[in-house]
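As structure tokens, the structure follows; a few thoughts come after it.
The values are calculated or read from the model by the stated rules, or taken from the named source; none is laboratory data. Keep in mind that what you see is a predicted model, and the values were worked out from it rather than measured. Here the Cβ is made from the backbone with ideal geometry for all residues, glycine too, and neighbour counts use every protein chain on show. The protein model used for the area step is the full one, side chains on, heavy atoms only, and it has no ligands, DNA or RNA in it. Shrake-Rupley method; radii C 1.70, N 1.55, O 1.52, S 1.80 Å.
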2 protein chains.
Amino acid sequence: MTIENISVNKSFGGWHKQYTHQSESLNCAMRFAIYLPPQASNGQKVPVLYWLSGLTCTDENFMQKAGVQAIAAELGIAIVAPDTSPRGEDVADDDGYDLGQGAGFYVNATQAPWSRHYQMYDYVVNELPRLIESMFPVSDKRSIAGHSMGGHGALVIAMRNAASYQSVSAFSPISNPVNCPWGKKALTAYLGRDTNNWAEYDASLLMRKATEFVPALVDQGEGDNFLVEQLKPEMLQAAAKASGYPLTLNMHDGYDHSYYFIASFIEQHMRFHASHLRD
Amino acid sequence: MTIENISVNKSFGGWHKQYTHQSESLNCAMRFAIYLPPQASNGQKVPVLYWLSGLTCTDENFMQKAGVQAIAAELGIAIVAPDTSPRGEDVADDDGYDLGQGAGFYVNATQAPWSRHYQMYDYVVNELPRLIESMFPVSDKRSIAGHSMGGHGALVIAMRNAASYQSVSAFSPISNPVNCPWGKKALTAYLGRDTNNWAEYDASLLMRKATEFVPALVDQGEGDNFLVEQLKPEMLQAAAKASGYPLTLNMHDGYDHSYYFIASFIEQHMRFHASHLRD
């Protein structure tokens, strides 16, 4: 397992770094970013929050726009942000922004031409944490969070791997992808037309039948253009009610789908994760 | 005077907005961004920090990457970020990133082909504050700050208009442009070869002979690749010592020229400005 450092920036007394590595899950070179808080330079093993970004993003957007480093440095939490899909000239793609490169949806694709590279579920659940925990001064305490497509990914991954995550949070997640245009398009392409195969990638369906719980926090802007057609947090809330899932859903007047919304509430998400990572 | 709103995002209880307007100084359409803290929605007139960005930037970089809104919302300060030059197909440009569009250097150009549009000094000193103070719920208390080329702009503008600004701050400013490659290239193009005409745009030369003082804060990373050849904060410090100028210069081990550096110390700059805007 080798990784190549491609950038370094000091940030709030810690270090933001980008790396590339050859991913076994994805059969291509992948890039990720890590923020190591100052505590990680002082011999401590710090817990990790994995951050999954939304459509069109890379490992850079969250690190540059969310203002997370201030609070990560205070709390002593590392942040790991993978890219949102496999990339490269020989990696299948689509003209739409919502399928293919930049739109991996955190699934293991089973359909051609996607299945060769699009194994983002395995990458995020297995390969990436194994790499991070072997290469950086981090503990094995993990939480996971994300935005939009990445909120979907974080919720699905936490629910299907409840023992591996202390907490999960999402901003504006695609809460019920089997039931919205973005989700139907991506799941059809990556998993095929048999909707029975989609259920294990749907946060609302998983939450409704859950028996193991990961504390969950979701924030959603009421001024978000995608709220009604694509995001459907009410489906997640109904599912939580049915199974008794420990979900807190906060709705926010006037906030939209942008990083300005994420930045406004990232401190609360970090404090939520810190309270569970400390347990 | 008319302005056209082109974007709105709620942020930390306040509003980030972008506008375009026809600039009289620049003879072209200009874009700026404003962050209005929550206090501005509650009938208060809030003071304004003008932020001048560096080479290649627009009105967007600082608003997206510096994490300033959290502290601006707490302190009740509006932020105004203009673009870094005139723009447009009929606006003169250069192939280099350090001259022409995106590189206005906050001067009034006197040389062809630049003089028709490149009047950024007048725009920032006169036209923009007049527009902001007539169109938004702000007071006439102003401070000014910037990064790199914008740090140069902020220091020059504050020193030449000491009565108009309560305080000035800069990250990694081009402190002595008559004496560095970026400055020599831009000042030759915009002002001509007679270096006597450059002195009024050089922060170190202005600070050395200053008799009216604006409290000044400068932060500089020691890991900044441009430090020795382009930035020269030691020239500013020597000038401050000669004139007794109230300058605080902080050097920071390991920090580079990026927004990760700005974000790490923007809270201190905002508290510095707030202490003077309150006077």
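Quick notes on this structure:
- Any pair with Cβ under 6 angstrom, 6 or more apart, that starts in region B:108-128 at a residue that is on the phi > 0 side of the Ramachandran plot and ends at one that is surrounded by fewer than 22 Cβ atoms within 10 Å (Cβ to Cβ): none
- Taking the criterion of being aliphatic (A, V, I, L, M) and farther than 19 Å from A:Lys10 by Cα, the residues of region B:250-278 that qualify are B:Met270, B:Ala274, B:Leu277.
- Enumeration of residues in region B:219-232 that are over 14 Å from B:Gly183 (Cα atoms) and either buried (at least 23 other Cβ atoms within 10 Å of the Cβ) or among the hydrophobic types (A, V, I, L, M, F, W, C) (or both): B:Asp219, B:Gln220, B:Gly221
- Odd one out for A:Ser85, checked against (1) of a type in the set (Gly, Ala, Ser); (2) open to solvent by 10 Å² or more (accessible area, probe 1.4 Å); (3) without any contact (Cβ under 8 Å) to a residue 60 or more places away in the chain: (2)
- If you check A:Gln44, A:Gln101 for being closer than 30 Å to B:Gln268 by Cα and open to solvent by 10 Å² or more (accessible area, probe 1.4 Å), only one passes: A:Gln44.
- Single condition A:Ala81 does not satisfy, out of (1) farther than 28 Å from B:Met63 by Cβ; (2) touching a Phe, Trp or Tyr at 6+ places or on another chain (Cβ under 6 Å): (1)
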